[in-house]
Structures are given as structure tokens and as C-alpha cells.
1. Along the charge dipole of the chain, which of 465, 571, 625 sits closest to the positive end, that is, farthest toward it, with unit charges on the beta carbon of Lys, Arg, Asp and Glu (+1, +1, -1, -1)?
2. Put +1 on the Cβ of every Lys and Arg and -1 on every Asp and Glu Cβ in the chain; which of 476, 337, 374 then has its Cα farthest towards the positive end of the dipole?
3. Please report 156, 415, 516 as a ranked list, fewest other C-beta atoms within 10 angstrom at the top and most at the bottom.
4. Between residue 409 and residue 147, what length comes free when the chain is fully extended (0.36 nm per residue of separation minus the Cα-Cα distance, one decimal in nm)?
5. I need two numbers for the range 17-148: Rg to one decimal and Dmax as a whole number, Cα atoms only, in Å.
6. Once phi is turned into ³J(HN,Hα) by the Karplus curve 6.51 cos²θ - 1.76 cosθ + 1.60 with θ = phi - 60°, what whole-Hz value does each residue of the range 190-199 show in order, with x for glycine and proline?
7. So what's the angle, to the nearest 10 degrees on a 0 to 90 scale, between helix 599-610 and the longest Cα principal axis of the chain?
8. Rounding to the nearest 20 debye, state how big the charge dipole of the range 195-242 is about its Cα centre with +1 on each Lys and Arg Cβ and -1 on each Asp and Glu Cβ.
Amino acid sequence: MTDDELIWRIAGGSGDGIDSTSQNFAKALMRSGLNVFTHRHYPSRIRGGHTYVEIRASDEPVKSRGDGYNFLLSLGDSFARNPQEEAYYGNEEIKPLSENLDELREGGVIVYDAGLLDTDEIENFDERVKENNWHVYDLDLRGLAKEHGREVMRNTAGVGATAALLDLDLDPIENLMEDAMSGDVLESNLTILHEAYESVNEDYEHTHDLRAPTGSHDEEQVLVSGSHGIAYGALDEGCRFISGYPMTPWTDVFTIMTQHLPDMGGISEQVEDEIAAASLAIGASHAGAKAMSGSSGGGFALMSEPLGLAEITETPLVLVESMRAGPSTGMPTKPEQGDLEHVLYTSQGDSNRVVFAPGDPAECYEQTRKAFEIAYDYQIPSIVVYDQKLSGGHQTIPERVFDEEPNPDLGSVVTEQDLEEAAKEAGRFKRYVYDGEGGVSPRSLPGQKGGNFLASGNEHNEVGHISEDPDNRVIQMNRRMAKLDSIREELDADAGHQAVYGPEDAQYGILSWGSTKGVAEEAVDRLNADGHSVKSMNVSDMMPFAKDEVTAFLESVDEALVVEMNATAQFRRHVQGQLGRFGEKLYSLLKYDGNPFEPEEVVSGFETRIGGEDQLTEYNVRIESATGD
């Protein structure tokens, strides 16, 4: 973390409006000209339980959460189940303050709601404040909110206090409030905002040096999550049908799509389970719609059977898999990258699918569009895999990312004239013809004259009849698998999706995938500033794997640190499976405690490995060699 950035953390209980308040404050900072990155931490409970959102803001681009934070607004947990220290979960009311102190930077600012919280209940609080030179402001936010409105408006009071302490202009905050509210509710919130702002300036001595940075944007920015990127990419690529069942964190994509599809003539269906969800999407695609479905780990497991059906019937389909910590229910609201192998290999027999793992909201948009394009051109399931960090975290990106033209094209679909000519030559339409170009056989849609065929989950011959003939089996399998070679050629021609960052001639590499992209790139900047020679590659093309690009990267460095959020080094093992000869160059940096990497953890992991050590005692991370040395 640098001195010219703000990392503001708002903490409270689930149900206290922490998420909505943080989103509005993040938008206000963006509209003030700053670059923003948010990190969301919340429990798997409907109401109550310690939750916080972190907003990192700087005049420079920000790609990840920071190292710790420097401003805490603690509201307490008004939904605490048992505000007693001897309760099983401890005093939950005080946790939004007590459990956030360890990561607060030296010299940081604390604002807490004295109407709900009592620091006497926190062991050694005063000693820690003195030791870390924290600047503490106790405000009765609850009382101020009740005086002019309702208790929930203490969030607004907290934002007003924050603005006063950071010398922030209230105009962007007021504009956002006016966009979201009206009438008496708006007037009450504006009154509370200004009263808190004025009270802090008049009644409290500002003992701290922290101020909000100032900046400006060269082009229009938007604040979006990976979920927005995926949903907007699907809509712009012509997706007009989605089916699903709610499951954190996939629900965000499902919700955004559901909000927009009716206005675009599309359909959203919430069904009884994930088997039905994937099956409905297959049916919609078969009928001629661009369709998608998705889930998180446990729900995606149920999609294994229909996924295999889409593969063998060669029905275009896009699925979304939003990873969270497992196995089973695991930690359903915490990020982890533990589903890679699950996504690559689930279903029956030999996999025949495309898998993309975007690294930021812009890549989520671009690669979702590519997933649809490939699915419908090659009649193959495409899967977009991402995680809770990317799903719920927001980041400023240029608005122009979303300026690409819509694409309603259904891909490789025959015309009725094609069907008429095929009937003259072969007597009937051969849906699964042996010699399809690039492995792709012609596809007809229901209702096209002469385009009827059998779509069976069994192995079948050219017209779709079930066949167990050995020669037919080999031909059909080889044809379906040949699609991956054709797809790889297309991706390579488009320069692929692997983001390389840092000096081209760097001695060492950092290899990452998915949402670890930004933290790896920030680590590269810090390491090079400290005199190291490092570059990074973030891999998105998981299947078919980007062999040539990754090979070139690994050949150019002496060693590569593979950064991922799981315990079993799934991505590193995938790289080894595809490019085994590089095993001796690979070392894993693994984190799986439910929190995403901070840049300093990657920096320390790299320096520890280069120093020949294999332990990082101050962090919940682990280093291991690909060869077991």
C-alpha cells in the first residue's frame, strides 16, 4: 500500500446495508476522478454476522485489493444473535470493530458508532491504539440517524463523517443519493449526511494526516464486477435465454441477466434444480436461441449429466461456473480457485468442451462473447469459470470496453436451400456427417423443411441413429475432438487471451490464472521496482490449452512461480499435464484460507523462493515445488 491511496473499509452486520453503502461510496470516488477496486467479505448468513467491504482508491490504476487498509468505518452488528462474550460465536455486536484491527495500517483512522459499540469490551484496545498510532473518532451515528430518520441511516452518517475526515467533496455523494432516493427519505438522508459532516469538522480535532487522493480520468469509466462483465457479454452476443437456480456467487450473473432479458425480448427461467437448468438451456439452444445457464460448484456438479448430453449431441451451450471454497458446501461466500479440474473433466467419457477463465471484468465481457461465438460456430459447450472474488468485487474500467457491436448470429446453421441440396445428394439430411469441416457438421433448426434428425445421448451414425459400430465410433469421436484443434487455431490467430505483463526479457516469471491476474501484475511492478527482473502471464484459455503461448513464456524465464487460490495446485498440475517438460521450473504459491491474495504475499512468496526458502511463516500461504523437491 502506498501513501497516496485510500483503502476504506466499512464493517457491520449482514443486513446493515454495508454492500449498498460501499457501492455508492465507491461510485462517488470514481466520479471524483479516482480508480477504484473493491473487495467484499461476508458470511453465509441471511442476516447478522461480521461483514465488510474494502474500497481501494487511487489516482493510479489499481488491479487488486491492497496490503491491509488505512481507514475503518465500524458500524457494529445490529443483528447480532447474542451480544455476549461467552456466546459460542463471541460478542458478534462488537466484531465489526474488534475483528478488523489486525489489518489496519499503522497511523490509520478508526471511526466507530459509539451508539452501539463500546471499546471497553475489546481487550487492550487503548494500548493497541497507542502502539499503532491509530486516530480514533467515536461518533454516535446511531443516535444521529434516529434523530432525523431511521437507524439504518447511520450508514449515511458514517459516510458523512468519512468525507469530513478525508476532505472529500459531498457533491458526488449527494448526486448518487438523489439518483437512488426521493421525497422524505432523500431529505432525511441529506440532513444526516450534512449534520455528520459538520459535526466532525466542528467538534473533532483532525489528528491524522490521511486524506483522499485526487485525480481525473482521461476517458469515461464504469464501476463493474466480473458478474456484470459476463452478463453484458452474453447479452451483447445475442443471448436471449437463461435458466438457473440461485447459488452464491453465481446468482449475481443470473440476477443481472434476469433484470435485462425481458426488455430485450428474452426469457429467464428459475427452475427446481441445476439439472433442469442446464437441460432447459440445451433445449432452448436446440430450438434456435442463444442460451446459457450456470451455477457454483455444488450446482455445477448436477450439470455434469446434461453437459455430456450437449457434448455428444453437439448442441451449442454456454455455462458459467462461479467457484467458491469447497468441498461440498465448504465456505460458500469465500473465494477459492478449487473447481478447475471439476470444470475441465466433469461429465462422462472424454471431455469435448471449451473453458475460459477471465481475469478481470473487461476479460469477463470479452471472453464471454468469445465463448458464445465458439459454442455456436463449433456446436460445442463453452464454460466460463471465475470465482467469488471476481463475481462480487467491483473495478473501474473504461466504458469503451462495452462499445463492441452486438452479434445475434447463430453460427453454423444450414439454410433450407442447403437442406434441399443435401436431400438431392444423400437422400436425407445427415446431421452428424463424417467429413464436417474443422470437425463441425451442419446443424438444422426445428421447423426447417427437410432438416429433421435424431438427437440421441447414445453414440450415433451420420443421421443420428444409435450405433455401436467400432468404425463409426472412432470416426465420430475423432471428428468431435478435432474441433478443439480448429478452435485452438482460431484463438491463436486472434492472439489468444493470455495477458503478459512486465519486461519482455525478464529473468523470472509469475504464472497465474483467473482472478489472480491483477495481484500478480501489481507484484511484478513492486518486484521490478525493488531490483528484481520479473514478468507475469495470466492464462485464460484452459481448454483447448494455450500451449504455444505458455511454452514461449516458460522458455523465456529461469523459473516461474505459479500463483493460485487452492490447496492442490490444480492450475500448476494442468500446466504440467500439458507441458510436462517444464516441471522443474515451476513452484506453487498457494492460498486457501478464504481470503484473496494481497500483493505483498506474492512479493514475499517470490522473494522467499528466490532466496531458496520454502516457508512463509507470517502469511497463510504455502510454497511447493512441482517436482516435490
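1. 465
2. It is 476.
3. Numbers: 156 28, 415 12, 516 31.
Ranked by crowding around the Cβ, least crowded first: 415, 156, 516.
4. Working: separation 262, 0.36 × 262 = 94.32 nm, distance 5.78 nm.
Result for the pair: 88.5 nm of gain on full extension.
5. Computed over the Cα atoms of the range 17-148, radius of gyration and Dmax are 15.4, 47 Å.
6. 5, 4, 5, 4, 6, 5, 5, 4, 5, 4
7. 70
8. Details: 2 positive and 11 negative charges, 96 e Å.
That gives a dipole near 460 debye.
Coordinate-derived values only; no laboratory data. Computed from a prediction, not measured in an experiment: that's the story for all the values here. Counting neighbours? That spans all protein chains shown, and the Cβs are built from the backbone with ideal geometry, glycine included.
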